[in-house]
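What follows is a set of notes on a single structure, which appears directly below.
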Amino acid sequence: MPEELRTAYHRQLDEIDEQLARMIVLVEESVGGAEAAFLGLEDAAADRVEANGEAIEQGHRAVESLVLTQFVRQAPVAGELRFLVAAVRLVPEVELTAALAANVANLGRTHLASELPPRVRGLVGELFQQCSAMWRRANDAYAERDTVAAVAVSALRRDDLSDTLRDELASAGLRPTVLMDMALVTRFLDRIGDHAIDVGRWIESFSAV
């Protein structure tokens, strides 16, 4: 490959890397913003989550275009190929997480959390913190290409936490509409954690030597 083409090739690989890193940072921020919007009743936080989602969507399109260019114009091999394949698998996980965070944040605009008893609010807060910790670990794993941290994302999951929250919701005597909305919130937060685990696996796939 001529030197100028090789330089352009690696520049585009760096651009993909930078886009992915930015998207993961934004989605970590969105999980925290969703908590502020939902439990803190902060409409401004919901606005930030929505803006992050739009930026992540743009990043998704940019990454897909850049990856396609590499496959069409170049012949990536070994680690570069693993990175490109992981990139196109990773970005939908990030974008879906951003959408889930926006859904939770928008439910916060209804002040749903103000109708929750303290025990339920506490469990929801713990579930948010679990999701934030998982995405923080995924962010660190990506930035450092740390396979140990990538694998450890799943170790932060506590399935009993969601089960306990569902049990508390069932016995809390909430209005039916509140109960249905909280079932959605619980499901959304579970899926946010699932996506963090999947991202960790993809990071592991191209970070391993």
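The values are calculated or read from the model by the stated rules, or taken from the named source; none is laboratory data. What you are looking at is a predicted structure, and each value in this text was computed from that prediction instead of being measured. FYI the Cβ positions are ideal-geometry reconstructions off the backbone, even for glycines, and counts take in every protein chain you see.
Numbers below:
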item: Any hit, the stretch 170-181, residues being within 30 Å of Arg82 (Cα to Cα), part of a helix (DSSP H, G or I) and either at pLDDT 95 or above or within 13 Å of the chain's Cα centre (by Cα) (or both); result: no
item: Pair list, Cβ under 6 Å, 6 or more apart: the stretch 112-132 residue loosely packed, with under 15 Cβ neighbours inside 10 Å, other residue small (Gly, Ala, Ser); result: Pro117/Ala172
item: Subset of the stretch 3-52 (residues that are of a type in the set (Gly, Ala, Ser) and either touching a Cys at 6+ places or on another chain (Cβ under 7 Å) or assigned to a helix (DSSP H, G or I) (or both)); result: Ala8, Ala21, Ser30, Gly32, Gly33, Ala34, Ala36, Ala37, Ala44, Ala45, Ala46, Ala51
item: Matching entry among Ala143, Ala196 (being surrounded by fewer than 16 Cβ atoms within 10 Å (Cβ to Cβ) and at negative phi); result: Ala143
item: Gly200 vs. criteria in a helix (DSSP H, G or I), of a type outside the set (D, E, K, R), in contact with a Cys (Cβ under 7 Å, 6 or more places away or on another chain) and closer than 26 Å to Asp140 by Cβ; result: no
item: Subset of the stretch 49-78 [under 25 Å from His111 (Cβ atoms) and either crowded, with 20+ Cβ neighbours inside 10 Å or in contact (Cβ under 8 Å) with a residue 24 or more places away in the chain (or both)]; result: Val49, Glu50, Asn52, Gly53
item: Inter-residue pairs, beta-carbon under 6 Å, first in a loop (DSSP other than H, G, I, E, B) and in the stretch 134-160, second surrounded by 16 or more Cβ atoms within 10 Å (Cβ to Cβ), 6+ apart; result: Arg145/Ser207; Val153/Met134; Val153/Arg137; Val153/Ala138; Val153/Ala196; Val153/Ile197; Val153/Gly200; Arg157/Gly193
item: Meets criteria (assigned to a helix (DSSP H, G or I), surrounded by fewer than 14 Cβ atoms within 10 Å (Cβ to Cβ) and charged (D, E, K, R)) for Arg82; result: no
item: Every pair of residues 6+ apart whose Cβ atoms lie under 8 Å, when the first sits in the stretch 180-192 and is touching a residue at least 40 places away in the same chain (Cβ under 8 Å) and more than 12 Å from Leu96 (Cα to Cα) while the second is among the basic types (Lys, Arg) and part of a helix (DSSP H, G or I); result: Thr186/Arg166
item: Some residue of the stretch 170-180 being of a type in the set (D, E, K, R) and surrounded by 16 or more Cβ atoms within 10 Å (Cβ to Cβ); result: no
